[in-house]
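First the structure, in the form of structure tokens, and then the observations on it.
The values are calculated or read from the model by the stated rules, or taken from the named source; none is laboratory data. Keep in mind that this is a model prediction, so the values were computed, not measured. Note: ideal-geometry Cβ built from the backbone for every residue, glycine included; neighbour counts use all protein chains shown.
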């Protein structure tokens, strides 16, 4: 069914919504006057090493100002010829009047058609195409692969610089062993799915969005070796000045900075002392961040 509104469409996988992706989307948003700002993005479903979930991608796109997202399952479109894709998806389904894509965009069966091919075919349907140059940081192309490597090394600040935002994930709060509560340090627990990209196991300064409220905290991402005998990964977060019951709620956790690697402690008292030290480290990071933002 064709969209009632004529649209300006940004096209891409947008598998991290990083600065390169954002350049395409922001250009579309700036040029969409009189048109509905829309995104066509591929949905590959769940897969190993994903930087972002489909729901997280849609959340970020909506926050940026995108009003329509069309993201059919990849299997539904993978065998379309380039011409069929433009005619059936962009012209008929999305009612596109202008298109925006990165210069490395590919589409059609086998991904054999290029951004230039898109422009040529779209012209036949009266659709304009703007091709956005690739984005670079320190002489290297910004890519999801590069961001994943930084997260694996614990270089959150480097990853966030390439993303143009703090790396985040939205996951449900699960009930844990409530050990933190017995230590006087209650925490929230989010199970990290196995198909997520690898984040260095360790302690991070984090910012969480809970019921519309931003709450800062300190989190351990890993297997909690002192208290667990499992390889199941969790993000276990102590939130500053927060004591609401949020079991079952979905919370967006954003990584601000890596503090230290995960380690196993001899006993619970040692663990508690280290958590308290980590809390102080996180508070210093937030104060420094706030000072830097005030001076910008």
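Of the candidates 263, 224, the single residue that is assigned to a loop (DSSP other than H, G, I, E, B) and buried (at least 20 other Cβ atoms within 10 Å of the Cβ) is 224. Would you confirm, using the coordinates I've provided, whether residue 253 is in contact (Cβ under 8 Å) with a residue 40 or more places away in the chain and part of a helix (DSSP H, G or I)? Taking the combined requirement at face value, the residue does not satisfy it. Taken residue by residue, the range 93-100 has at least one member that is surrounded by 17 or more Cβ atoms within 10 Å (Cβ to Cβ), modelled with pLDDT of 95 or more, in the same structural domain as residue 67 (by TED's automatic domain parsing) and at positive phi.
Any residue at all in the range 43-53 that's surrounded by 19 or more Cβ atoms within 10 Å (Cβ to Cβ) and in a strand (DSSP E or B)? Before the answer, list the steps.
Of the residues in the range 43-53, the ones surrounded by 19 or more Cβ atoms within 10 Å (Cβ to Cβ) are 50-52.
Adding the requirement that they be in a strand (DSSP E or B) leaves 50.
The answer is yes, given that some residue of the range 43-53 is surrounded by 19 or more Cβ atoms within 10 Å (Cβ to Cβ) and in a strand (DSSP E or B).
Answer with yes or no whether residue 154 is buried (at least 19 other Cβ atoms within 10 Å of the Cβ), at pLDDT 95 or above and part of a loop (DSSP other than H, G, I, E, B). Against the criterion (buried (at least 19 other Cβ atoms within 10 Å of the Cβ), at pLDDT 95 or above and part of a loop (DSSP other than H, G, I, E, B)), residue 154 qualifies. The number of residues in the range 101-122 that are free of Cβ contacts under 8 Å to residues at least 60 places away in the same chain and within 13 Å of residue 82 (Cβ to Cβ) comes to 15.
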